[in-house]
Amino acid sequence: MARITRARMNAEADYFANVAAARSDAAAEDGERVAADPTRSDHTRACAGCAAEIARGHASEYREIAASLRAGEIPDNLDLS
């Protein structure tokens, strides 16, 4: 297995913190907007609310991965090969 450099870990951390988490935050905001829209059906609003919750969870996970990478650790569930 190849050694991952500190620079690569920092670059990956930047991606997770600034790109992946931001995309998930945007998806969550969109889901929350749809969930609050009274012109949408109850089913659509419920699905959007669930999707927003999942997206918020992903954003949080991405930030945790970024923090681990910045601390010099590679999370077990992350493949950087």
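The values are calculated or read from the model by the stated rules, or taken from the named source; none is laboratory data. Quantities reported herein were computed from a predicted structural model and do not represent experimental measurements. We place every Cβ from the backbone using ideal geometry, glycine too, and count neighbours over all the protein chains shown. Accessible surface areas use protein heavy atoms only, side chains included; no ligands, DNA or RNA. Shrake-Rupley method; radii C 1.70, N 1.55, O 1.52, S 1.80 Å.
For this structure, a couple of remarks:
- The residues of the stretch 1-14 that are open to solvent by 50 Å² or more (accessible area, probe 1.4 Å) and touching a residue at least 24 places away in the same chain (Cβ under 8 Å), listed by number, are MET1, ALA2, ARG6, ARG8, ASN10, ASP14.
- Looking across the stretch 27-38, the residues that are open to solvent by 50 Å² or more (accessible area, probe 1.4 Å) and more than 27 Å from ARG70 (Cβ to Cβ) come down to ASP30, GLU32, ARG33, ALA36, PRO38.
- When LEU78 is tested against (1) open to solvent by 60 Å² or more (accessible area, probe 1.4 Å); (2) not in a helix (DSSP H, G or I), exactly one condition is not met: (1).
- The stretch 27-49 - residue that is assigned to a helix (DSSP H, G or I) and either in contact with a Leu (Cβ under 7 Å, 6 or more places away or on another chain) or of a type in the set (Lys, Arg) (or both) and, of those, farthest from GLY72 (Cα to Cα): ARG45
- Screening ALA52 against (1) assigned to a helix (DSSP H, G or I); (2) loosely packed, with under 14 Cβ neighbours inside 10 Å leaves a single unmet condition, (2).
- Meets criteria (surrounded by 13 or more Cβ atoms within 10 Å (Cβ to Cβ) and small (Gly, Ala, Ser)) for SER41: no
- The residue pairs whose first member lies in the stretch 28-39 and is touching a residue at least 12 places away in the same chain (Cβ under 8 Å), whose second member is part of a loop (DSSP other than H, G, I, E, B), and whose beta carbons are closer than 9 Å, counting only pairs six or more residues apart or on different chains, are VAL34/ARG40.
- Out of SER60, SER24, one residue alone is open to solvent by less than 50 Å² (accessible area, probe 1.4 Å), within 23 Å of LEU78 (Cα to Cα), assigned to a helix (DSSP H, G or I) and in contact with a helix residue (DSSP H, G or I) (Cβ under 9 Å, 6 or more places away or on another chain). It is SER24.
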